1. Could you grab me the full set of residues in segment 93-129 that are within 15 Å of the chain's Cα centre (by Cα) and under 21 Å from Leu160 (Cα atoms)?
2. Return yes when Val109 is touching a strand residue (DSSP E or B) at 6+ places or on another chain (Cβ under 6 Å) and buried (at least 24 other Cβ atoms within 10 Å of the Cβ) and no when it is not.
3. When residues of segment 121-152 are filtered for being in contact with a Gly (Cβ under 9 Å, 6 or more places away or on another chain), closer than 15 Å to Ala111 by Cβ and surrounded by fewer than 23 Cβ atoms within 10 Å (Cβ to Cβ), how many remain?
4. Starting from residues that are in a loop (DSSP other than H, G, I, E, B) and free of Cβ contacts under 8 Å to residues at least 40 places away in the same chain, keep the ones in segment 130-153 and report whichever is farthest from the chain's Cα centre (by Cα).
5. Among what's in segment 20-29 and is out of contact with any His (no Cβ under 9 Å at 6 or more places or on another chain) and at pLDDT below 90, pick the residue that is least open to solvent (accessible area, probe 1.4 Å).
6. Taking the options Pro220, Pro197, Pro156, name whichever one is assigned to a loop (DSSP other than H, G, I, E, B) and without any contact (Cβ under 8 Å) to a residue 12 or more places away in the chain.
7. I'm trying to understand the selection: among the residues of segment 102-143, which are closer than 12 Å to Leu84 by Cβ and touching a Pro at 6+ places or on another chain (Cβ under 8 Å)?
Amino acid sequence: MRAHTGPRGTWVIDLDGVVWLAEQPIPGSADAVARLRLAGHGVVFATNNASPTIAELRQRLAKAGIEASPEEIVTSAQAAASMLTPGSTAVVCADGGVLEALAERGVSVLAEGPADAVVVGWTRRFDFELLATTATAVRLGARFIGTNEDPTHPTPQRLLPGSGAILAAVATAAQAIPDVAGKPHDPMVALLRARAPDAAIVVGDRPSTDGVLAQRLGLP
């Protein structure tokens, strides 16, 4: 990621695979962000990883040498929560980031259906019982929402199954098609337009998500 001094505006920057791999900082990323800010650019970190809370993401950024405010972080968990009405209910197959975003939206989490929605994201606690619970809730009429459909999750050692793999399992079991919240879909596009109306460029590592997001935002 190379900073330049072109027209000032906010850079929309991915995290996994750009700033870090898993939690290991990528050399040069912190310096690039510092040079962007020094040149007068804003930065917003946009991630499809719905697992961490905002506090956890800020801690990871700080560990990588980057200070960020909560307003500078946009996640697919927040995008998923934006699709639900305050006061509604959801069955969740995801981690703390989704639970945090739903709580901030005023959505109550249920252990099982019936519910207004099922929200599926990346989680290491995925097992047969959770698959059965979420699929059943969808079959009972819950709106089926996926935080993102990334098939893999990058780490320094290997590619791990991503949210898309879990989402596909639930979709198959429920025989339903999910509405997807994260990059490059409408809910994330709307959040970024609201959070960074002066966005100038998108930086990412996946053409299918970051590249298409840039196109949908009308950015390089």
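The values are calculated or read from the model by the stated rules, or taken from the named source; none is laboratory data. Only a predicted model underlies this, so the values are computations on that prediction, with no experimental measurement involved. Here the Cβ positions follow ideal geometry from the backbone for every residue, glycine too, while neighbour counts run over all protein chains shown. With ligands, DNA and RNA removed, areas are computed over all heavy atoms of the protein, side chains included. Shrake-Rupley method; radii C 1.70, N 1.55, O 1.52, S 1.80 Å.
1. So in segment 93-129, the residues within 15 Å of the chain's Cα centre (by Cα) come out as 93-102, 119-123.
Once the filter is applied, which keeps residues that are within 15 Å of the chain's Cα centre (by Cα) and under 21 Å from Leu160 (Cα atoms), segment 93-129 yields Cys93, Ala94, Asp95, Gly96, Gly97, Val98, Val119, Val120, Gly121, Trp122, Thr123.
2. Numbers: touching a strand residue (DSSP E or B) at 6+ places or on another chain (Cβ under 6 Å): yes; buried (at least 24 other Cβ atoms within 10 Å of the Cβ): no.
In short, no.
3. 3
4. Going through segment 130-153, the residues in a loop (DSSP other than H, G, I, E, B) turn out to be 140-142, 147-151.
Checking the rest, the ones that are also free of Cβ contacts under 8 Å to residues at least 40 places away in the same chain come to 140-141, 149, 151.
Working: Leu140: 26, Gly141: 25, Glu149: 10, Pro151: 13 Å.
So, considering only residues that are in a loop (DSSP other than H, G, I, E, B) and free of Cβ contacts under 8 Å to residues at least 40 places away in the same chain, the one farthest from the chain's Cα centre (by Cα) is Leu140.
5. Taking segment 20-29 as the starting set, the residues that turn out to be out of contact with any His (no Cβ under 9 Å at 6 or more places or on another chain) are 20-21, 23-29.
Adding the requirement that they be at pLDDT below 90 leaves 21, 23-24.
Numbers: Leu21: 58, Glu23: 93, Gln24: 101 Å².
Restricting to residues being out of contact with any His (no Cβ under 9 Å at 6 or more places or on another chain) and at pLDDT below 90, the top hit is Leu21.
6. On the way: Pro220 fails: without any contact (Cβ under 8 Å) to a residue 12 or more places away in the chain; Pro156 fails: without any contact (Cβ under 8 Å) to a residue 12 or more places away in the chain.
Selected residue: Pro197, the only one of Pro220, Pro197, Pro156 that is assigned to a loop (DSSP other than H, G, I, E, B) and without any contact (Cβ under 8 Å) to a residue 12 or more places away in the chain.
7. Keep residues of segment 102-143 that are closer than 12 Å to Leu84 by Cβ, which gives 102-109, 115-119, 142-143.
Arg105, Gly106, Val107, Ala142, listed by residue number.
Listed here are the residues, each with its yes/no results for (1) under 19 Å from the mean Cα position of the chain (by Cα); (2) surrounded by fewer than 20 Cβ atoms within 10 Å (Cβ to Cβ).
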| site | (1), (2) |
| --- | --- |
| Asp14 | yes, no |
| Val18 | yes, no |
| Asp31 | no, yes |
| Thr47 | yes, no |
| Glu56 | yes, yes |
